[in-house]
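Below is one structure, written out as structure tokens; comments come after it.
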Amino acid sequence: MAVYESQELRKPPISQVGIVLWLRVNLFSSKVNIGLTFAALYMLYVIIPPMLGWMIFDANFNFGEFSFLGFEFGEIMATNDNCGRAAACWPFIYEKFDMFVYGFYPRELVWRVDIVFAMAASLFVIVRLARNYKHKNKVLLAMIIGFPIASFFLIGGGVFGLEVVKTHQWGGLMLTLVIASVGIIISFPIGVLLALGRQSNLRVINFFSTIYIEFIRAVPLITILFMASFVLPLFFTGGIDFDKLLRALVAITLFQAAYFAEVVRGGLQAIPTGQYEAADAIGLNYVQKNALIILPQALKISIPNIVGSSISLFKDTTLVLIIGLMDMLAMVNMTANDINWLGRETEGFVFVTMTMWIFLYSMSRYSKKLEVRFSTDHKN
Amino acid sequence: MKTENNNVNIIQISDLNKWYGDFHALKNINLNIKEGEIIVVCGPSGSGKSTLIRCVNFLEKFQEGEIIVNGTQLTDDVAKIRSVRSEVSMVFQHFNLFPHLSIIDNLTLAPVWVHNESKEEARDKALKLLDRVGIKDQAEKYPNQLSGGQQQRVAIARSLCTSPKIMLFDEPTSALDPEMISEVLDVMIELAKEGITMICVTHEMGFARKVAQRIIFMDEGQIVEENDPETFFHHPESDRLKLFLDQILTH
């Protein structure tokens with residue numbers, strides 16, 4: 001028998017750290033890996049230089065004359081003809097920028113839309129500032145209710161002497177954002193209720209929730225949009241004319257609710273039965289149990305999938321051009337038919353792609369941050 | 001101990017039968033428990049002891065028989081179930097603390113939402129209880145930051161927060177590392193001295209010997225033997241209990 005001394009902590013051997021090691025392990029660890037590394041480098045070489053050439057180095061950035069501190073810059077703005085076909089013609093985007101962002105919204109009223117954009121951006125700042133504020137829940141609630149109402153009246157008008165702007169004049173990025181945010185915000189609570197319904201012990205609720213979810217999920221969004229747009233009005237012949245945008249919003253909301261329901265159900269299933277039992281045992285009722293114990297945990301687990309599903313919806317909003325709504329993508333098709341700018345769809349599509357990417361990548365990053373902040377385990 | 005209530009049965013279980021599908025899990029259970037009594041239920045795994053105490057706060061439904069808790073008969077009636085649950089609290093094998101809430105919020109949840117106490121009142125009481133189980137300094141932490149023994153003590157404090165008349169313990173030390181068992185048992189022994197009615201399902205025979213007034217031995221869904229600790233350990237009557245004691249006490 002023996003007694004042993006306790007051992008000192010040591011740093012790992014020097015050969016186990018550093019950039020050379022990183023390269024060797026990640027890029028050159030085996031023959032296959034070396035092959036893949038060079039293949040990837042070759043592909044980047046083939047793709048990147050021509051792309052940069054088209055977008056930047058050979059492209060036309062001639063947005064017209066402007067003066068700065070008394071100096072004159074630039075020349076007359078490029079037109080479709082003197083732009084050339086080999087590279088991008090960004091003056092097209094520059095000239096049609098308002099169309100891409102606001103659609104046919106009256107030019108003299110776009111400041112109202114700009115206010116909504118500014119409000120939306122400030123929401124994120126406020127949420128951040130209010131994080132440690134005592135009444136932060138009240139602030140959040142006020143924003144969740146107040147922002148959509150304020151936005152609706154600012155964009156639509158009709159109160160406080162604001163001129164009415166009919167929904168058929170809404171368009172561009174603004175319309176995309178309206179459809180996506182309304183779709184996401186309204187369908188989320190419906191989705192949560194459907195998820196709870198599908199988990200419910202009450203047979204009738206369970207049955208209808210399941211039928212609804214499975215039906216919607218088995219049908220493409222585009223079909224539902226068509227139904228809402230062309231079939232639904234047939235049932236309301238008595239002079240009731242549903243707004244085209246409203247029909248699209250209803251369709252998208254009903255569609256997205258089914259997807260959210262499945263995402264949330266996944267989260268609900270991950271909650272151990274012990275949590276339900278403990279909530280029951282301390283005497284919470286059904287609503288308290290779900291609102292205080294189950295959903296906070298289930299939704300936290302579901303954040304990545306909720307955001308993933310929201311991103312899908314955001315992209316799917318481009319389908320509304322099929323039922324004649326003029327979203328950003330539809331504006332590209334239309335402006336590229338302008339007799340002065342024929343054949344400039346590519347620039348438009350690249351612009352839409354970049355815009356979409358900025359929004360969606362931000363959403364994705366934001367969800368990552370939320371995940372970290374709401375991390376349930378508090379392990380350290 | 002409140003001697004004037006000593007003869008009142010706070011829990012009456014008569015002819016209780018429960019099935020899981022076709023499996024007959026509880027067979028004709030009859031059991032009366034007086035106010036302030038401390039009962040230990042033991043038996044091999046699968047003998048139905050957890051199922052029995054989970055019937056008392058209706059976490060498990062039963063098909064036949066009747067359970068009356070503090071004058072309220074348990075039926076499917078949601079209001080009655082909630083009224084029973086507000087007087088009966090339970091400590092689970094796996095603690096079942098709410099991981100998204102801090103320790104103090106775990107404790108004040110039921111007082112605030114079920115018993116309509118003010119937040120301040122509930123908080124004061126919760127801190128006192130945490131002090132009593134020896135972890136007042138952890139009040140703002142989250143469950144997963146505590147050790148198993150500490151979590152179980154929080155769970156006990158949580159179940160005390162609503163000033164229950166009856167406490168059910170469902171194998172409270174079975175999921176703990178050996179060196180943490182005694183800190184939880186110590187808290188339970190303290191509780192036992194205070195006259196609260198306790199039903200403990202446990203394998204801790206030392207604890208049973210020390211605090212139980214009655215020990216119930218269950219096997220295959222029925223009560224096989226029921227005795228005071230002295231007789232239970234030293235003069236077991238049934239062969240099944242003799243074998244069981246032999247198996248758990250000879251090491």
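Numerical summary
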read-out: Interface size A-B, as summed buried accessible area [1.4 Å probe, Å², nearest 100]; value: 2000
read-out: Cα gyration tensor shape of the range A:65-131, rounded if a/c is under 1.5, else prolate or oblate by comparing a/b with b/c; value: prolate
read-out: Orphan Cys of the protein assembly as shown, criterion: no other Cys C-beta under 4.7 Å; value: B:42, B:55, B:161, B:200
read-out: Top of B:66, B:179, B:37 by mean-square fluctuation, Gaussian network on chain B, Cα under 10 Å; value: B:179
read-out: Around residue A:357: net Lys/Arg minus Asp/Glu count, Cβ-Cβ under 14 Å; value: +2
read-out: Using alpha-carbon coordinates, inclination of helix B:148-160 to the longest axis of chain B, degrees; value: 90
read-out: Surface accessible to a 1.4 Å probe, residue B:38 within the full protein complex, Å²; value: 0
read-out: Per-residue SASA entry for residue B:89, accessible area with 1.4 Å probe, Å² rounded to 10; value: 10
read-out: Cα gyration tensor category, rounded, prolate or oblate, for the range A:119-261 with a/c compared to 1.5; value: oblate
read-out: For B:82-95, mean number of other protein chain Cβ atoms within 10 Å; value: 3
read-out: Ranking by accessible area, most exposed first, for A:369, B:141, A:31 with a 1.4 Å probe; value: A:31, A:369, B:141
read-out: Highest-fluctuation residue, A:341, A:90, A:22 considered, GNM on chain A with Cα pairs under 10 Å; value: A:22
read-out: Of B:92, B:169, B:233, the one that fluctuates the most in a GNM where chain B has Cα springs shorter than 10 Å; value: B:233
read-out: By accessible area with a 1.4 Å probe, ligands and nucleic acids excluded, highest first: order of A:363, A:227; value: A:227, A:363
read-out: Positive minus negative residues near residue B:209 (Lys, Arg vs Asp, Glu; Cβ under 11 Å); value: -2
read-out: For the protein assembly as shown: accessible area per residue (Å², 1.4 Å); value: 54
read-out: Percent accessible area from carbon and sulfur atoms, the range A:159-221, protein chains only, probe 1.4 Å; value: 72
read-out: Paired Rg and Dmax values of the protein assembly as shown, which use every Cα atom, in angstrom; value: 34.0, 110
read-out: Total formal charge among the other residues, if their Cβ is under 10 angstrom from that of residue B:98, Lys/Arg +1 and Asp/Glu -1; value: 0
read-out: Solvent-accessible surface (1.4 angstrom probe) belonging to residue B:230, in square angstrom, nearest 10; value: 100
read-out: Exposure rank, largest accessible area first [A:71, A:207; 1.4 Å]; value: A:71, A:207
read-out: The protein assembly as shown, helix-only ellipticity at 222 nm - DSSP H runs n ≥ 4, -39,500 (n - 2.57), divided by all residues, nearest 500; value: -16500 deg cm²/dmol
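The values are calculated or read from the model by the stated rules, or taken from the named source; none is laboratory data. This is a predicted model, so every value here is computed, not measured. Glycine also receives a Cβ, built like all others from the backbone with ideal geometry; neighbour counts cover every protein chain displayed. Surface areas here come from the heavy atoms of the whole protein model, side chains and all, with no ligands, DNA or RNA. Shrake-Rupley method; radii C 1.70, N 1.55, O 1.52, S 1.80 Å.
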